[in-house]
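**Student:** This structure is in structure tokens; I'll ask about it shortly.
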């Protein structure tokens, strides 16, 4: 398996959650620590945590600015990087290993975990349904996302795109991105009820 560093993005304000969700606790530990440990347990050599915690790197105003802040702390000789959201605390070590293994094949600039869209998708305007969207070829993308470090750095240098994730930025500069199997339990905490669900999953 390849050697890689990781960046945990834990700098958001959590407006939809109603507070800084990355500092909420699950099983007695903050969500950001769960995310950091998931990367280490999956084989990542070192992790830079971006956020306002002890030892953290100062975050930026946007997600992409926080990732760039973390990139600045990664030595230039590191070839591979994983970027993980602190709001996804239950990513397994096996998922991290899948990303690293696929990235190590050397035929893609980025690797993202993905799961198929399971529900019917409708296009709406207000409360009016306008039509259905074909689910064929649609997936839900998760983190951790793995990248060739040189390409990720170039993406941040060449575009100021306020992207939803780093994979979008890499694709914007012509990088190739592929998928690996994601995990249904790798849920993202966006609303308070999401944390309640994760607590139930953690409790077994």
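**Student:** Can you name every residue in the range 33-43 that is under 16 Å from residue 186 (Cβ atoms) and in contact with a helix residue (DSSP H, G or I) (Cβ under 7 Å, 6 or more places away or on another chain)? Working first, answer last.
**Tutor:** Going residue by residue through the range 33-43, those that are under 16 Å from residue 186 (Cβ atoms) are 34-39, 41-42.
Across the range 33-43, the qualifying residues are 38, 39, 41, 42.
**Student:** If you don't mind, another one. Condition test on residue 178, is it in contact with a strand residue (DSSP E or B) (Cβ under 7 Å, 6 or more places away or on another chain) and either farther than 20 Å from residue 7 by Cβ or part of a strand (DSSP E or B) (or both)? Show your work before the answer.
**Tutor:** Values: in contact with a strand residue (DSSP E or B) (Cβ under 7 Å, 6 or more places away or on another chain): yes; either farther than 20 Å from residue 7 by Cβ or part of a strand (DSSP E or B) (or both): yes.
Here the answer is yes, as residue 178 does meet what is asked.
**Student:** Identify, please: which residue in the range 181-204 is surrounded by fewer than 16 Cβ atoms within 10 Å (Cβ to Cβ), touching a strand residue (DSSP E or B) at 6+ places or on another chain (Cβ under 8 Å) and over 19 Å from residue 115 (Cβ atoms) and is, among those, modelled with the highest pLDDT?
**Tutor:** Looking at residues that are surrounded by fewer than 16 Cβ atoms within 10 Å (Cβ to Cβ), touching a strand residue (DSSP E or B) at 6+ places or on another chain (Cβ under 8 Å) and over 19 Å from residue 115 (Cβ atoms), I get 199.
**Student:** Right, next: So for the range 9-26 (the condition being modelled with pLDDT of 95 or more, within 16 Å of the chain's Cα centre (by Cα) and buried (at least 18 other Cβ atoms within 10 Å of the Cβ)), does at least one residue qualify? Steps first, answer last, please.
**Tutor:** First, the residues of the range 9-26 that are modelled with pLDDT of 95 or more: 9.
Those still in the list that are within 16 Å of the chain's Cα centre (by Cα) too: 9.
Keeping just the survivors that are buried (at least 18 other Cβ atoms within 10 Å of the Cβ) gives 9.
Within the range 9-26, one or more residues are modelled with pLDDT of 95 or more, within 16 Å of the chain's Cα centre (by Cα) and buried (at least 18 other Cβ atoms within 10 Å of the Cβ).
**Student:** Among the residues that make up the range 140-158, is at least one of them loosely packed, with under 14 Cβ neighbours inside 10 Å and part of a loop (DSSP other than H, G, I, E, B)?
**Tutor:** Within the range 140-158 (the criterion being loosely packed, with under 14 Cβ neighbours inside 10 Å and part of a loop (DSSP other than H, G, I, E, B)), the answer is no, since none of the residues qualifies.
**Student:** If residue 161 meets every condition in (1) modelled with pLDDT under 95; (2) under 28 Å from residue 100 (Cβ atoms); (3) part of a helix (DSSP H, G or I) apart from one, which number is that one?
**Tutor:** (3)
**Student:** Another question, if that's okay. Checking residue 120 against (1) in contact with a helix residue (DSSP H, G or I) (Cβ under 8 Å, 6 or more places away or on another chain); (2) under 29 Å from residue 197 (Cα atoms), only one condition comes out false. Which one?
**Tutor:** (1)
**Student:** Give me the residue from the range 49-66 that is in contact with a helix residue (DSSP H, G or I) (Cβ under 6 Å, 6 or more places away or on another chain) and not in a loop (DSSP other than H, G, I, E, B) and, out of that set, modelled with the lowest pLDDT.
**Tutor:** My answer is 57.
**Student:** Restricting to the range 144-178, name every residue that is more than 18 Å from the chain's Cα centre (by Cα) and at negative phi.
**Tutor:** Kept after step one, since they are more than 18 Å from the chain's Cα centre (by Cα), are these residues of the range 144-178: 150, 154, 157-160, 173-174.
Listed by number, the residues that qualify are 150, 154, 157, 158, 159, 160, 173.
Rundown of residues vs (1) on the phi < 0 side of the Ramachandran plot; (2) touching a residue at least 40 places away in the same chain (Cβ under 8 Å); (3) outside any loop (DSSP other than H, G, I, E, B), yes/no style:
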position	(1), (2), (3)
88	yes, yes, no
100	yes, yes, yes
108	yes, yes, no
118	yes, no, no
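**Student:** Is there a residue being touching a strand residue (DSSP E or B) at 6+ places or on another chain (Cβ under 9 Å) and over 19 Å from residue 190 (Cα atoms) anywhere in the range 15-30?
**Tutor:** no
Yes/no per residue for (1) surrounded by 19 or more Cβ atoms within 10 Å (Cβ to Cβ); (2) more than 18 Å from the chain's Cα centre (by Cα); (3) closer than 19 Å to residue 153 by Cβ:
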{"site": "62", "(1), (2), (3)": "no, no, yes"}
{"site": "107", "(1), (2), (3)": "no, yes, no"}
{"site": "113", "(1), (2), (3)": "yes, no, no"}
{"site": "119", "(1), (2), (3)": "no, yes, no"}
{"site": "132", "(1), (2), (3)": "no, yes, no"}
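The values are calculated or read from the model by the stated rules, or taken from the named source; none is laboratory data. Quick caveat, the model's predicted, so the values are computed rather than measured. Cβ atoms come from the backbone with ideal geometry, glycine included; neighbour counts cover every protein chain shown.
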